[in-house]
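For reference, the structure discussed in these notes is given below.
The values are calculated or read from the model by the stated rules, or taken from the named source; none is laboratory data. For clarity, every value in this text was computed on a predicted model and none was experimentally measured. In this analysis, Cβ positions are derived from the backbone assuming ideal geometry, glycine residues included, and neighbour counts consider all displayed protein chains. Only protein heavy atoms, including side chains, enter the accessible area calculation; ligands, DNA and RNA are left aside. Shrake-Rupley method; radii C 1.70, N 1.55, O 1.52, S 1.80 Å.
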Amino acid sequence: MAIDVSAILGSVGQVLVAGLLLGAGLPALFALGVRLLATAPEPGAGGSSGARVGAWACFGLCIAAALFGIVVIVFGKQMFGA
């Protein structure tokens with residue numbers, strides 16, 4: 001039985017990318033949404049509402065990622081097999 005080092009390194013790379021994306025990417029996306037919401041003009045004060053739309057888009061992506069994680073935890077065996 002030989003050890004396939006390239007397969008191991010490929011798997012480690014996939015885990016590293018997923019960890020960086022989920023461990024740093026989602027909190028950074030949420031922080032960007034908070035920052036955009038803080039700089040958005042108050043409703044009715046005039047000005048562009050693009051920052052507010054961008055903030056809610058960031059929050060929506062964070063919520064979608066969290067819900068996807070819950071679905072994978074609950075229905076993982078049906079989705080990916082056992």
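Some observations on this one:
- Evaluation of Ala65 against (1) at negative phi; (2) free of Cβ contacts under 8 Å to residues at least 24 places away in the same chain (one fails), failing number: (2)
- Residue list for region 1-35, restricted to those being under 22 Å from the mean Cα position of the chain (by Cα) and among the polar types (S, T, N, Q): Ser11, Gln14
- Residue check: Glu42 meets all listed conditions (1) loosely packed, with under 10 Cβ neighbours inside 10 Å; (2) of a type outside the set (S, T, N, Q); (3) in a helix (DSSP H, G or I) but one, namely (3).
- Filter pass, Val71 being among the β-branched types (Val, Ile, Thr), open to solvent by less than 70 Å² (accessible area, probe 1.4 Å) and part of a helix (DSSP H, G or I): yes
- Close pairs from region 1-28: first closer than 25 Å to Leu67 by Cα, partner surrounded by 10 or more Cβ atoms within 10 Å (Cβ to Cβ), Cβ under 7 Å, at least 6 apart: Leu26/Cys62; Leu26/Ala65
- Among the residues making up region 45-68, a single one is aromatic (Phe, Trp, Tyr), within 18 Å of Leu22 (Cα to Cα) and open to solvent by 50 Å² or more (accessible area, probe 1.4 Å): Phe68.
- Qualifying residue in region 8-17 (condition: surrounded by 11 or more Cβ atoms within 10 Å (Cβ to Cβ), among the hydroxyl-bearing types (Ser, Thr, Tyr) and not in a helix (DSSP H, G or I)): no
- Index of the failed condition, Ser48 passing every other in (1) part of a helix (DSSP H, G or I); (2) touching a Pro at 6+ places or on another chain (Cβ under 8 Å): (1)
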